[in-house]
Amino acid sequence: MKRCTVILFSLLMTLIVSAQDHKKFSPKKFQADLEDFITREAHFDQQEAAKFFPLLRELQAKQRAIYGRMRQTPKPGDDAKCAEAIGEWDKANIELKQLAQQYHKKMMQVVPASKLFDAIMAESRFHRKMMKGWRDQNAPFPSSGKSKDKRR
């Protein structure tokens, strides 16, 4: 009986540890899944994918740098400084859009515009799908006070 309990406990612990490993975020896996999804949705052949994805990765790296700057902006103490911070935030958003526009032009030189359009839409769908999956797996976002529970 004792042996059976030890085996069951060991099996349970192994299952718990392996389940936790699957929840860890892997940037490499995320990028690979994104690229696979875009390749399928935009119907890229190998040559198109080989030319497109280095540009996409370059764009994403530059976007991450801008988002990093935006995230590091603390809330200022007074209205004048807040207005200034909002202006900087707006400039960063414009910079993001201009950067995307620049790279879209470069990308249209390596893939047809119709496939680029499909790739842009696929990237958006992929991110929404992943966010929905993370939301469903993890604790829900902070409540806005509205509950989906109809028992109230």
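The values are calculated or read from the model by the stated rules, or taken from the named source; none is laboratory data. Note that the coordinates shown come from a computational prediction; the quantities given were computed from them, not determined experimentally. Note that we place each Cβ from the backbone using ideal geometry, even for glycine, and neighbour counts take in every protein chain shown. Surface accessibility is based on the protein's heavy atoms, side chains included, excluding ligands, DNA and RNA. Shrake-Rupley method; radii C 1.70, N 1.55, O 1.52, S 1.80 Å.
Kindly evaluate Gln109 against the criterion of being within 14 Å of Leu56 (Cβ to Cβ) and either without any contact (Cβ under 8 Å) to a residue 12 or more places away in the chain or of a type in the set (Ser, Thr, Tyr) (or both). When the stated conditions are applied, Gln109 passes them.
The residue of the stretch 62-106 that is least open to solvent (accessible area, probe 1.4 Å), among those that are assigned to a helix (DSSP H, G or I) and among the hydroxyl-bearing types (Ser, Thr, Tyr), is Tyr103. Does the stretch 116-131 contain at least one residue that is open to solvent by 90 Å² or more (accessible area, probe 1.4 Å), at pLDDT below 95, in a helix (DSSP H, G or I) and more than 19 Å from Ala32 (Cα to Cα)? The answer is no, given that none of the residues of the stretch 116-131 is open to solvent by 90 Å² or more (accessible area, probe 1.4 Å), at pLDDT below 95, in a helix (DSSP H, G or I) and more than 19 Å from Ala32 (Cα to Cα).
Looking only at residues in the stretch 20-39 that are charged (D, E, K, R) and in contact (Cβ under 8 Å) with a residue 24 or more places away in the chain, the one that is surrounded by the most Cβ atoms within 10 Å (Cβ to Cβ) is Asp33. For the stretch 52-61, the criterion of being farther than 20 Å from Met121 by Cβ and either open to solvent by 100 Å² or more (accessible area, probe 1.4 Å) or of a type in the set (A, V, I, L, M, F, W, C) (or both) is met by at least one residue.
Scanning the stretch 40-51 for residues that are part of a loop (DSSP other than H, G, I, E, B) and open to solvent by 30 Å² or more (accessible area, probe 1.4 Å) yields His43, Asp45.
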